[in-house]
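The values are calculated or read from the model by the stated rules, or taken from the named source; none is laboratory data. All figures in this text were calculated on a predicted structure; none of them were measured in a lab. So basically every Cβ, Gly included, is an ideal-geometry build from the backbone, and we count neighbours across all protein chains shown.
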Amino acid sequence: MPTDARPRFLALLHTAVQEGTLVKLTLGKPRGADAKLKNLFVRPLTLKTGPHLAFVWRHATNDVTKNHPPAAALALLEPLIGTDFLDAHLFTAAESAQLECQPDGSARLRVKKSAAPAAAPAPHDRAKTHLIPADAPWLRALGVTNDRGQPREGMADKFRQIQKFAELLSHLLTEAGLDSSSSHVTRPTPLQIVDMGSGKGYLTFAVAALLGDRATVRGIEARPELVDLCNRVARETGFTNLTFTAGQIASVQFETPPDVLIALHACDTATDDALAKGVAAQAALIVVSPCCQKELRAQLTAPPVLADALRHGIFQERQAEFVTDALRAQLLEWAGYRTKVFEFISTEHTAKNLLISAIKTRAPGDAATAARLREFAAFYGIRTQQLATHLGVNLAP
């Protein structure tokens, strides 16, 4: 890989800051000492003392914001890029640049012309109607918006993600015949919805707000401090249809089988555990956004025609992600679901933007689907996979 990728990226960053064309810088794939650190977002802003760069350090349970003058900001950023953070995305008024680094020091830079990401709405811009009102008290309580209903610094992408998910879910519920607001759908009881690995609860709250008394929503999260936070916010903002419970995805037991199961960015095989829970409960709709697909990488045996290409670590990683999620989709088809795989949100927010939706349509065990997925597994040398194991599907040809 080009050895000058990182210096070229840093030069682009310096130019953007010095010429005032910087729109946003996002650093991801952290590998520093702070295990709870997820991302660093950097945006320009103007204070009374002049131009500054706002740093938003996104952690698992909290965000830390600090403002720095341009020169000091660049001095702080340069040693982080390619070391503490392996991914960097730079957006300017005229182009975007993506730097992908490997632990061995190799790096790859991609630059393309593009329009700048849309700016956050101005205070007077109320033309756009959102499914989730921007001034919702829970958005303020979770730190997404301020008292004027505007996204806080570093949270514009999260606000768009919440709105996009609400829009997608409303369509999927209708497609699955679960939208009780439709004139042809009548449900005597509220929908039962479970969010597996709910985290800070942004999207769990969005589901509860979107459906109101049409649904009972439960978030399952392993970190007790986040469960306590979300339950407190739910109480203080008047949610009677939303609760959060501490627990691991793999060990959750349902008192009432869910109609809808959601798992967004559950890492590695936790996505498979969530999918298996949904299938076992015969959920009418399953929606997952996979993350950190590592299980199959060690098993993948490159077909001869792909061997040279898969010498490169980045291609191995992407191949493992593709094979994992393609196999999951096929396994869901075998289990009696009609699946769709599509982009959830723009890669400006996160590279982990795939969404798999599955709607229950028939009984499991289709022999033709089983034969095709075994052929697929054999092509890549896959012997075992977590979801297949949960479903009792033998991948051996």
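Please count how many residues of the range 350-381 are assigned to a loop (DSSP other than H, G, I, E, B), among the polar types (S, T, N, Q) and buried (at least 18 other Cβ atoms within 10 Å of the Cβ). Spell out how you get there, then give the answer.
Going residue by residue through the range 350-381, those that are assigned to a loop (DSSP other than H, G, I, E, B) are 350-353, 361-366, 380-381.
Restricting the remaining residues to those that are among the polar types (S, T, N, Q) gives 350, 353, 361.
Then keep just the ones that are buried (at least 18 other Cβ atoms within 10 Å of the Cβ); that gives 350.
The total comes to 1.
With the structure loaded, tell me whether Gln253 is within 30 Å of Lys36 (Cα to Cα), in the same structural domain as Ala270 (by TED's automatic domain parsing) and touching a residue at least 24 places away in the same chain (Cβ under 8 Å) or whether it fails that test. Can you show your working first?
Working: within 30 Å of Lys36 (Cα to Cα): yes; in the same structural domain as Ala270 (by TED's automatic domain parsing): yes; touching a residue at least 24 places away in the same chain (Cβ under 8 Å): no.
The answer is no for Gln253.
Of all residues in the range 77-94, count the ones that are modelled with pLDDT under 90 and either not hydrophobic (A, V, I, L, M, F, W, C) or not assigned by TED's automatic domain parsing to the domain that holds Gly28 (or both).
The qualifying residues number 1.
Failed condition for Leu354, given (1) over 30 Å from Ala156 (Cα atoms); (2) touching a strand residue (DSSP E or B) at 6+ places or on another chain (Cβ under 8 Å); (3) among the aliphatic types (A, V, I, L, M), with all others met?
(1)
Identify all residues within the range 352-393 that are of a type outside the set (Gly, Ala, Ser), closer than 25 Å to Pro304 by Cα and without any contact (Cβ under 8 Å) to a residue 60 or more places away in the chain; write none if there are none.
Scanning the range 352-393 gives Arg372, Leu373, Arg374, Glu375, Phe376.
Within the range 77-115, count every residue that is out of contact with any strand residue (DSSP E or B) (no Cβ under 8 Å at 6 or more places or on another chain) and of a type in the set (A, V, I, L, M).
Qualifying residue count, the range 77-115: 1.
Could you please find all residues in the range 57-79 being over 17 Å from Leu13 (Cβ atoms) and assigned to a strand (DSSP E or B)?
Trp57, Arg58, His59, Asp63, Val64, Thr65, Lys66, Asn67
Residues that are in contact with an Asp or Glu (Cβ under 7 Å, 6 or more places away or on another chain) and at positive phi: does the range 287-295 have at least one?
yes
Before we move on, is Arg31 within 22 Å of Glu100 (Cβ to Cβ), buried (at least 18 other Cβ atoms within 10 Å of the Cβ) and not acidic (Asp, Glu)?
So Arg31 does not fit the description; no.
Mind telling me which of the residues Leu90, Leu86, Leu99 ends up being closer than 15 Å to Val23 by Cβ and surrounded by 18 or more Cβ atoms within 10 Å (Cβ to Cβ)?
Values: Leu86 fails: closer than 15 Å to Val23 by Cβ; Leu99 fails: closer than 15 Å to Val23 by Cβ.
Result: Leu90 is the single residue among Leu90, Leu86, Leu99 that is closer than 15 Å to Val23 by Cβ and surrounded by 18 or more Cβ atoms within 10 Å (Cβ to Cβ).
Just give me the residues in the range 290-301 being crowded, with 21+ Cβ neighbours inside 10 Å and outside any loop (DSSP other than H, G, I, E, B), in sequence order. Show your work before the answer.
Narrowing the range 290-301 to residues crowded, with 21+ Cβ neighbours inside 10 Å: 290, 293, 296.
Once the filter is applied, which keeps residues that are crowded, with 21+ Cβ neighbours inside 10 Å and outside any loop (DSSP other than H, G, I, E, B), the range 290-301 yields only Pro290.
Go through the range 250-274 residue by residue and tally those that are among the β-branched types (Val, Ile, Thr) and at pLDDT 95 or above.
Taking the range 250-274 as the starting set, the residues that turn out to be among the β-branched types (Val, Ile, Thr) are 252, 256, 260, 262, 269, 271.
Those still in the list that are at pLDDT 95 or above too: 260, 262.
Of the residues in the range 250-274, 2 are among the β-branched types (Val, Ile, Thr) and at pLDDT 95 or above.
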